[in-house]
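Asks: Right, I'll just put the structure down here and ask away after.
The values are calculated or read from the model by the stated rules, or taken from the named source; none is laboratory data. On a predicted model such as this, the values are computed, not experimentally measured, just so you know. Neighbour counts run over all protein chains shown; Cβ positions are idealised from the backbone, glycine included.
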Amino acid sequence: MNIRKRLSGLWLMAMTLLSLGAYTAFFVAQMWLNVLHGFYLSLMTLQLITLVMYLYGPEKMKNKLMRVVYHVFYATSFLVIPAFIFIFMGLISQYHVKIKDSINATRMSTEKILPGDETLVYNTGKVYVIFPEYSDVELVCKDRPSKFDKSITWCSGAAFQHTVSLGFSQENVEGDHAVNGELYESPYNKSSFAAFTYSNGGFSFEFDDPQGAIKKAASEGGSGFMQFALIKDKKTVMRFDRPRARCYRTLAELNGSLCIIDSVNMLHFDEFMKELRRLGVTNAVYMDMGAGWNYSWYRNAAEKVVTLFGLPVPWSHNWIVFRN
């Protein structure tokens, strides 16, 4: 056997193992999307078939069509590396970094989970409850907020975007929204949306008339956006079964104060909601998550930026910002 054939064999064995690893990661992480699931399963199967054909010996194949099939299948092995990179990046982007300076709240009564004079993070074991230090809350669109802006104490994705687009338009932001007194009406309002607004130095959650709340905030020079309603007056108002575990985030009112609540690790949505109810969250709306959209960071008490999800994407165009 010449060197070329030996190298071909080593390449196929490596790509077969790598495709198996990619599919296993996809399966274990429960990143269920039918098209991608079919692609990864097919790619792994093709590598196995190609390896078997190689071990049999392509030179022994008398049928010309079979030799063509072998070469076509062999060519698919070059898709394995980019496919593995894609699933790896998607996988790590779903995991929350460990917040080392968080306060252990596993045995703390929920009434004591309160904001302080500086940004505080509580860890209940299931979720992080984050109280950024702030004097203003804004919706920022188009240009991603800079980590060098020392007035920002929290930044994360806010409203949904209707389409994935590199270009920005206010109409692509789902739900009516206000940006520092400017009102933008959306053609994509949903009946399940609630509104979060901040104006005149105070925050508000509106479930019955979210569009009216956004208009009011804009008229007062404030900001606001619409998102799925999760909890209203301590009662769950949205129920859906996510088919996979992931990290979740909500903008919430807890013990009369505004906070962000993130899951510590990947978990199912019903577990996340159960923890919100246990904490006694008064009001809550969903926040945009997923690879890239979960990009977020905060500034701790030592004025250092702590990045929670560090994979920004160029088609993410709106963020909620807490300023001090």
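Asks: Please pick out the residue among Ser156, Ser263, Ser186, Ser257 that is more than 19 Å from Val127 (Cβ to Cβ) and among the small types (Gly, Ala, Ser).
Replies: Working: Ser156 fails: more than 19 Å from Val127 (Cβ to Cβ); Ser263 fails: more than 19 Å from Val127 (Cβ to Cβ); Ser257 fails: more than 19 Å from Val127 (Cβ to Cβ).
Just a single option satisfies the conditions, and that option is Ser186.
Asks: State whether one or more residues within the stretch 276-294 are surrounded by 15 or more Cβ atoms within 10 Å (Cβ to Cβ), under 22 Å from Thr236 (Cβ atoms), polar (S, T, N, Q) and assigned by TED's automatic domain parsing to the domain that holds Thr163.
Replies: Scanning the stretch 276-294, I find at least one residue that is surrounded by 15 or more Cβ atoms within 10 Å (Cβ to Cβ), under 22 Å from Thr236 (Cβ atoms), polar (S, T, N, Q) and assigned by TED's automatic domain parsing to the domain that holds Thr163, so the answer is yes.
Asks: Tell me which residues, restricted to the stretch 264-280, are under 20 Å from Ala159 (Cβ atoms) and free of Cβ contacts under 8 Å to residues at least 60 places away in the same chain.
Replies: If the condition is that a residue be under 20 Å from Ala159 (Cβ atoms) and free of Cβ contacts under 8 Å to residues at least 60 places away in the same chain, then Phe269 is the only one that fits.
Asks: So, in the stretch 142-168, how many residues would count as being over 19 Å from Tyr184 (Cβ atoms), touching a residue at least 40 places away in the same chain (Cβ under 8 Å) and out of contact with any Pro (no Cβ under 8 Å at 6 or more places or on another chain)?
Replies: Residues meeting the conditions: 5.
Rundown of residues vs (1) more than 21 Å from the chain's Cα centre (by Cα); (2) surrounded by 18 or more Cβ atoms within 10 Å (Cβ to Cβ), yes/no style:
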position: Leu120; (1), (2): yes, yes
position: Ile152; (1), (2): no, yes
position: Ser165; (1), (2): no, no
position: Phe168; (1), (2): no, no
position: Val179; (1), (2): yes, yes
position: Glu182; (1), (2): yes, no
position: Glu185; (1), (2): yes, no
position: Lys190; (1), (2): no, no
position: Asp208; (1), (2): yes, no
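Asks: State which residue is farthest from Thr236 (Cα to Cα) when the search covers only the stretch 192-202 and only residues that are over 24 Å from the mean Cα position of the chain (by Cα) and not polar (S, T, N, Q).
Replies: Selected residue: Gly201.
Asks: Could I ask something else about it? Restricting the search to the stretch 136-150, which residues are of a type outside the set (Asp, Glu), touching a Ser or Thr at 6+ places or on another chain (Cβ under 9 Å) and under 28 Å from Gly256 (Cβ atoms)?
Replies: Val137, Leu139, Val140
Asks: Looking for whichever is at pLDDT 90 or above and touching a helix residue (DSSP H, G or I) at 6+ places or on another chain (Cβ under 7 Å) here; the options are Met31, Met44. Which one fits?
Replies: Going through Met31, Met44 in turn, just one is at pLDDT 90 or above and touching a helix residue (DSSP H, G or I) at 6+ places or on another chain (Cβ under 7 Å): Met44.
Asks: Another one. Looking at (1) assigned by TED's automatic domain parsing to the domain that holds Ile152; (2) more than 18 Å from Trp154 (Cα to Cα); (3) among the hydroxyl-bearing types (Ser, Thr, Tyr), which is the only condition Thr119 fails?
Replies: Exception for Thr119: condition (2).
Asks: Could I ask something else about it? Quick check: anything in the stretch 285-305 out of contact with any Leu (no Cβ under 7 Å at 6 or more places or on another chain), aromatic (Phe, Trp, Tyr) and at pLDDT below 90?
Replies: yes
Asks: Is it the case, given these coordinates, that Thr307 is of a type in the set (S, T, N, Q), surrounded by fewer than 23 Cβ atoms within 10 Å (Cβ to Cβ) and at negative phi?
Replies: yes
Asks: Still on this model: For the stretch 192-203, what are the residues that are of a type in the set (Gly, Ala, Ser) and surrounded by 18 or more Cβ atoms within 10 Å (Cβ to Cβ)?
Replies: Of everything in the stretch 192-203, those that are of a type in the set (Gly, Ala, Ser) and surrounded by 18 or more Cβ atoms within 10 Å (Cβ to Cβ) turn out to be Ala194, Ala195, Ser199.
Asks: Follow-up. Hey, could you check the stretch 153-177 for residues that are of a type in the set (Gly, Ala, Ser) and farther than 21 Å from Ser204 by Cβ and say which is modelled with the lowest pLDDT?
Replies: Out of the qualifying residues, it is Ser165.
Asks: Now for a different question. So which of Lys235, Lys304 ends up being charged (D, E, K, R) and more than 22 Å from Ile152 (Cβ to Cβ)?
Replies: From the options Lys235, Lys304, the qualifying one is Lys235.
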